[in-house]
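Working notes, structure below.
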Amino acid sequence: MARAVRLTGKVKRVRKSRVHIRLLREKCTGCRKCVQICPSGSWTVEKGEVRWKGMSRCLECGACFHVCPSNAIIWRYPEGGEGVVYRF
């Protein structure tokens, strides 16, 4: 049986120079799976449409990309030296 793992320690955000997530609105069905799975709350629903809040909150886990049934999310691996750095 899988166990939930709780990360302890400090999370440091490093400046990001490029956007690593893009939502293709023409493919989005509005299922809201990305909103439900995102651990940082980076996705929201505004006026009935799913929207990404931006890079400032994103943990770069890729969960939204993997859960999207319509392949409406383009997710690129973050460049080295950018993004979230975990310290244990």
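The values are calculated or read from the model by the stated rules, or taken from the named source; none is laboratory data. Quick caveat: nothing in here was measured; it's all calculated off a predicted structure. Positions of Cβ are backbone-derived with ideal geometry, glycine not excepted, and every protein chain shown enters the neighbour counts.
Pairs are defined by a Cβ separation below 9 Å, a sequence spacing of at least 6 or placement on different chains, a first member in the range 65-88 that is closer than 15 Å to Val19 by Cβ and in a strand (DSSP E or B), and a second member that is among the small types (Gly, Ala, Ser) and at pLDDT 55 or above; the pairs so defined are Trp75/Gly62. Within the range 49-64, the set of residues being closer than 17 Å to Gly30 by Cβ and touching a strand residue (DSSP E or B) at 6+ places or on another chain (Cβ under 9 Å) comprises Val50, Arg51, Trp52, Lys53, Cys64. Which one is surrounded by the most Cβ atoms within 10 Å (Cβ to Cβ), of the residues in the range 54-77 that are closer than 12 Å to Cys34 by Cβ and modelled with pLDDT under 90? Only one residue fits best here, namely Cys58. Going by the structure shown, is Arg18 surrounded by 14 or more Cβ atoms within 10 Å (Cβ to Cβ), modelled with pLDDT under 85 and either assigned to a strand (DSSP E or B) or out of contact with any His (no Cβ under 7 Å at 6 or more places or on another chain) (or both)? The answer is no for Arg18.
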